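Each reported figure results from applying straightforward, stated rules to the coordinates on display, with no laboratory input. Since the model is a prediction, treat every value here as computed from it, not as a measurement. Cβ atoms come from the backbone with ideal geometry, glycine included; neighbour counts cover every protein chain shown.
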Amino acid sequence: MSDTKENSSAALTLDLWTYSRGEGLVCSNGKKWERNRKLLTPAFHFNILSGYVSVMNEVVDTLMDKLETATTDGKSVDIFPFTCRSALDAIVSCSLSYEGNFQDYQNLDYINAIQRILEIESLRYSKPWQMIDSLFYLSSTGQELKRLCKTTTDFSENIIKTRTKDLKCHHDLKEKRHLDFLDILLTARDEQGNGLTFEEIHDEVNTITAAGFDTTACTIGWTVYALGLWEMVFQDVCGVLGDETDIKTKHLGKFSYLTQFVKETMRFYSPVPVLTRRNEHPIELDGYEIPTGCSINIQSYLIHHNKHVWTDHNEFKPEWFDAENRDDNAIYGFLPFSVGSRNCIGQVFAMNEVKMTIAKLVKKFEIVKDPDHETDLRPEIVMRPSNGIKVFLKKR
């Protein structure tokens, strides 16, 4: 939605998300959302994001090593679990300066808890009778959700408390390797000089971790699945990087076909298949009035396959996003990060991570789909592969 249309579609209303993640930017609304969005925006400034590039290089290099080891027998590998662990390492290392080492199978309780929470949230959201809290939390699944949420809460609370003590002892943030998201959360002040409460900081940490990990992992996974024999991506990467092995900030804006390819992946597979909004005012649609306060599902997957916007919508065509083919009238036909004032605050971070991962992957490996493995879409809160994503990786 544009800012002019945002009046009729305000807060994201995933009540399940609110329970498990807290009332961060994704779920908050009104004055609280406006204040916190303003306080958090500096965390995604170009200079801050540039400081994450070296960290992302290390995380992606670890991913490459893990994939090389996993494919030494010449068999296909399910790349999706690898991208999940790598994406979680990236978001935690960059935004919290915490070495989660998820790719080395550390902190397994935390990553397993996150993934199971998302499964429960998706299942519950599809069954309205489970939305009655008083009944749901008497069930075994409800009790399980409470235990899982405690696991993730304890993990993030320990990081926040440790950093708070560290900042009291070391006031100069320039001594850090890079200024991160958590630093800004802890030091941000509004016009009245008030900072975020511990609960608000905790909610935002949970939100950025969940929103920044699972959606990015899915995007990377589906991009790898789509790559197949698309040699033009490899040529674009080599043209930008040459003989360099580390990707720098200056490279990220020079990728052309790679960027088009990633965007087409997000259109074709729609890692976030549904957006939800609550209307602040009545909406008249085709002669019917939608009263104030309704939860409205915006089917981004269906919008991305609207034949009136995307002719040949079932064909995978990166050229849609070439500057020469750009259609300003179709701006609301492409919603991978939503649009308008409530768009995804971390979209540049996510795009940087995806491009860095794919660039290093295609430079190191030739990628071929496993023809004997079937992969189907499984729409949940994110668009997961129903049976993994198996590919052959041949070292170049």
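Under the classification rounded if a/c is under 1.5, otherwise prolate if a/b is larger than b/c and oblate if not, where does segment 22-110 fall, given a ≥ b ≥ c as square roots of the Cα gyration tensor eigenvalues?
Prolate, because a/c is 1.5 or more and a/b exceeds b/c.
Would you list Y288, Y137, Y98 from fewest to most Cβ contacts within 10 Å?
Ranked by crowding around the Cβ, least crowded first: Y288, Y137, Y98.
Under a straight-distance cross-link criterion of Cα-Cα below 18 Å, which lysines are reachable from K161, leaving out those fewer than 8 residues away in the same chain?
Within reach: K150, K176.
Just flag the GluC sites (Glu not before Pro) in segment 201-267 sitting in loop per DSSP whose Cβ has no more than 15 other Cβ atoms within 10 Å.
E244
Quick one: among C149, C294, C218, which has the greatest mean-square fluctuation in a GNM of the chain with alpha-carbon springs under 10 angstrom?
Result: C294 has the largest fluctuation of those listed.
GNM, the chain, Cα, under 10 Å: largest mean-square fluctuation among S86, S386, S338?
Most flexible of the set in this elastic network: S386.
Can you give the net charge of the other residues whose Cβ lies under 14 Å from the Cβ of Q106, counting K and R as +1 and D and E as -1?
Every neighbour counted, the sum reads -2.
Let me check I've understood the local charge: for H373, count other residues with C-beta under 10 angstrom from its C-beta, Lys and Arg +1, Asp and Glu -1. What total comes out?
Every neighbour counted, the sum reads -2.
Straight distance only, please: which lysines reach the Cα of K31 with their own Cα at less than 21 Å, same-chain residues fewer than 8 apart left out?
K5
Of all DSSP beta bridges in segment 6-395, what percent run antiparallel (nearest 5)?
95
Starting from 0.36 nm per residue, how many nanometres of slack lie between Q347 and T311 once their C-alpha separation is accounted for?
Result for the pair: 10.3 nm of gain on full extension.
Name the residue, out of W230, W310, W129, whose mean-square fluctuation peaks in a Gaussian network model built on the chain with Cα pairs under 10 Å.
Evaluated over the chain, the most mobile residue of the options is W129.
Exposure proxy check: T187, T311 ranked by fewest other beta carbons within 10 Å?
Neighbour counts put them in this order, fewest first: T311, T187.
In whole Å, what are the Cα extents of segment 149-285 along the three principal axes, biggest one first?
That gives 54, 51, 34 Å along the principal axes, largest extent first.
Could you tell me which of the pairs K248/K369; K38/K317; K75/K364; K355/K395 are separated by over 25 angstrom between their Cα atoms in the structure shown?
Beyond 25 Å between Cα atoms: K248/K369; K38/K317.
Which of T141, T197 comes first, and how do the rest follow, when ranked by fewest Cβ neighbours within 10 Å?
T197, T141
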